Amino acid sequence: MNDFYYRKLDVYHQSIKLVKNIYQLLSLFPAMERNALLNQIQRAAISIPSNIAEGMGRFSLKERIHFLEIANGSLMEVMCQLEIANQLGYISLEQMHEQELLVSEIAKMLFGLRKSLEEKNNRIISNNG
């Protein structure tokens, strides 16, 4: 197995793109948000590619799936926080929708990867049973 297999995954690269986009949007936030919503969005966004990488570094398919589920949870957290940022007037509706398209794409990719790993895991269980 390639030590950095996650780098071959499109979902990993798209999640890095989302992190970069989020950081650009965060520059629009007021200074008072530096230790509140801003930090929360940063942590959630960074968690997405980090959990993809960590999961793909695991030997167990069940663990890989688990980390993809965590990444998906963080992805939904980012979307929620973008909605809050929009409601607070920190980002425009258009800016939120641009990221929503990327979030949806990443969610679909995570679902597909998770499904693929589950099928592989089920085949292994069937062959060993």
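The values are calculated or read from the model by the stated rules, or taken from the named source; none is laboratory data. A quick note: this is a predicted structure, and the numbers were derived from the prediction, not measured. Here the Cβ is made from the backbone with ideal geometry for all residues, glycine too, and neighbour counts use every protein chain on show. We work out accessible area using only protein heavy atoms, side chains counted, and drop any ligands, DNA or RNA first. Shrake-Rupley method; radii C 1.70, N 1.55, O 1.52, S 1.80 Å.
Structural remarks
- Built amide H within the under 5 Å cut-off of ARG58, gap 5+: none
- Accessible surface of PHE4 - all protein chains present, 1.4 Å probe, nearest 10 Å²: 100 Å²
- Only Cα pairs under 8 Å and 6+ residues apart enter the sum, and on that basis the relative contact order of the chain stands at 28 percent.
- Using the Cβ-Cβ distance between ASP3 and ASN35 with R0 set to 35 Å, the FRET efficiency from 1/(1 + (r/R0)^6) comes to roughly 0.45.
- Whole-Hz Karplus values for the range 39-56 come out as 5, 5, 5, 4, 4, 5, 5, 5, 5, 5, x, 5, 6, 5, 4, 4, x, 6 Hz, taken residue by residue from phi with 6.51 cos²θ - 1.76 cosθ + 1.60 and θ = phi - 60°; glycine and proline positions read x.
- Once both labels are positioned 7 Å from their Cα atoms along Cα-to-Cβ, the gap between SER116 and GLN42 label points is 3.3 nm.
- Karplus-derived 3J(HN,Hα), 6.51/-1.76/1.60, for each residue of the range 99-112, Hz, glycine and proline x: 6, 4, 4, 5, 4, 4, 4, 5, 4, 5, 5, 4, 4, x
- Computed E for LEU93/ASP10 - FRET, C-beta separation, R0 22 angstrom, nearest 0.05: 0.20
- Gained length - LYS20 relative to SER126, 0.36 nm times residue gap less alpha-carbon distance: 34.0 nm
- Number of Lys pairs (Cα under 24 Å; 8 or more positions apart or on different chains) in the chain: 13
- With the charge dipole of the chain set up from +1 on Lys and Arg Cβ and -1 on Asp and Glu Cβ about the Cα centre, the Cα lying farthest toward the positive end among the listed residues ILE84, GLN42, PHE29 is that of GLN42.
- Entry comment: accessible area of the range 1-103 is 55 Å² per residue, from protein heavy atoms only and a probe of 1.4 Å.
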